[in-house]
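No lab work stands behind these numbers, since they all come straight from the coordinates. Model, not experiment: these values are computed from the prediction. Positions of Cβ are backbone-derived with ideal geometry, glycine not excepted, and every protein chain shown enters the neighbour counts.
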Amino acid sequence: MYKIAKENLSALFQLIADNQELYLPVKTAGQTNFGVWSKDADVDLDTLKTVKSAKDAFFPQSEGLYTVRKDGKKMSIEPESLKEQDFVVFGMKACDVKGVEVLDKVFLSDPVDTFYAARRDHGTIVAFACHEPEETCFCKVFGVDAANPASDVAVWTVGEELYWKALTKKGEALTETVKELFTDDADGEAAVEAEKENIHKIVEKLPYMNLSLEGWNGDALSEKFDSPIWEELYKPCLACGTCTFVCPTCQCYDIKDYTAGSSVSRYRCWDSCMYSDFTMMAHGNNRTSQMQRFRQRFMHKLVYYPANNDGMYSCVGCGRCVEKCPQALNIVKVVKAFQNQGGEK
């Protein structure tokens, strides 16, 4: 078990950045999101949850695929290069690490998404235990332990010290490159165990941690899909898509082209199942009402995804949708609505 004083973090960031790209929470215009580290960046490791998760590092909000160029009567296709530079994502939380695991099952299954796979191959995750989980958190419901992030390196904050433990070969390799800044602490395990116990005590007191998922699984298709509860739940929805853009597990994307005179570039960008033009084709759209789109989002999280992924839910309980939805139409409200009404009217 290693430790490093908070006052030495700038030196740690510099040492990591000397060899790899470094992404970490950065405050800009009053909001904290993951961004590239620089010496003048306003690093913010105290904010529990960034506005968006760190999934950008592996599944960017916008990403070039290839460019078609025309030269007279000749045309050429230039694919975008896959990620080749090693990088570190520093400061993720356990829920967001679990979110990456959800994305892995989507993008690393056949056919493998080579852009995503390259980023996963080159990325190392340094995740922090949640020193003070907040009332909007409910990660425990989905099997996530806020005190034990399952990452390449796990970090615990105790006073003015950070305790560092490598958990994978990637984590060990990163540790080797920076351990000159660390102190080997034989008593570190005791300090970390005390911190874990404190985190667990906080978690047990949070209002949504005992949310029941009874009746939600891959076998609940007909029961949940046909329920009249959706007709009441969806009505306040603005179709703004905020829930999908802050979610660490949403993976829908659109593919678009733009022209630059003699060339056309194709790229992909995040999309939202809450939008009226989502999956629209020449013949129209197979989900023609906002109720259907609203239902789709939550059925995917709680029924479709677990049906195809050995029972794993496509929600990690991060609570961002609880915080950010302007109409309070979050996954907690949906689960409770079915629980209170038994799925029937």
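Need a quick list: strands (runs of 3 or more DSSP E) entirely within the range 50-116 having at least 1 residues that are under 13 Å from the mean Cα position of the chain (by Cα) and touching a residue at least 40 places away in the same chain (Cβ under 8 Å).
Result: 87-93.
Can you pull out every residue in the range 131-144 that is out of contact with any helix residue (DSSP H, G or I) (no Cβ under 6 Å at 6 or more places or on another chain) and either assigned to a loop (DSSP other than H, G, I, E, B) or among the hydroxyl-bearing types (Ser, Thr, Tyr) (or both)?
Passing the criteria: His131, Glu132, Glu134, Glu135, Cys137, Phe138, Gly143.
Answer with yes or no whether Asp277 is at positive phi, surrounded by fewer than 14 Cβ atoms within 10 Å (Cβ to Cβ) and not in a helix (DSSP H, G or I).
no
Which fully enclosed helices (runs of 4 or more DSSP H) of the range 152-237 have 2 or more residues being surrounded by 15 or more Cβ atoms within 10 Å (Cβ to Cβ), touching a residue at least 12 places away in the same chain (Cβ under 8 Å) and not acidic (Asp, Glu)?
Ranges flagged: 169-178, 188-205, 229-233.
Just to be sure, is Ser53 buried (at least 19 other Cβ atoms within 10 Å of the Cβ) and among the hydroxyl-bearing types (Ser, Thr, Tyr)?
yes
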